[in-house]
Amino acid sequence: MEAMVPSGNTVINWISVFVNIMPVVKEGGISCVKLDLSRWEPYQELRLEALKSDSSAFGSEYEEELNYGKEVWQSRIVGVIFAIANNVPIGMMEQVYFSR
C-alpha cells in the first residue's frame with residue numbers, strides 16, 4: 001500500500017498555521033477547552049475565517065453562516081472543543097453526528 005502524500009498547497013497551509021502559532025506556543029502553551037455561551041463571538045470569528053479560507057472542508061458556506069444570529073452561534077458552540085492560547089481561540093474541533 002502506497003503512503004498518501006499531501007499536496008503542495010496542503011503542506012504550505014500547515015506550515016503557515018504552524019509558523020503563525022509558534023510564538024503563542026512558546027509563550028504560554030495551548031490548552032483544549034470548551035467555551036461557555038458568552039464567548040460565541042470568538043467562535044463566530046474563527047469559524048467564519050475558516051470557512052473563508054477553505055469552505056470545501058466544511059458542510060456549509062461562508063455566505064450562509066455570515067447571516068446566523070447570536071442564538072444560532074450559541075447553540076452551535078456547545079459541541080465544540082477549542083485550542084486556546086493566551087486566552088484566545090486559535091483552533092477548534094467539532095464532532096457532528098447525523099442520523100440516517
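The values are calculated or read from the model by the stated rules, or taken from the named source; none is laboratory data. Every value quoted in this text rests on a predicted model; they were computed, and no experiment measured them. With ideal geometry, Cβ positions are generated from the backbone for all residues, glycine too; neighbour counts draw on all protein chains shown.
Inside the range 58-93, can you point out the residues that are charged (D, E, K, R) and surrounded by 17 or more Cβ atoms within 10 Å (Cβ to Cβ)? Residues satisfying the conditions are 65, 76. Of the residues making up the range 3-57, just one is surrounded by fewer than 10 Cβ atoms within 10 Å (Cβ to Cβ) and at pLDDT 90 or above, namely 38.
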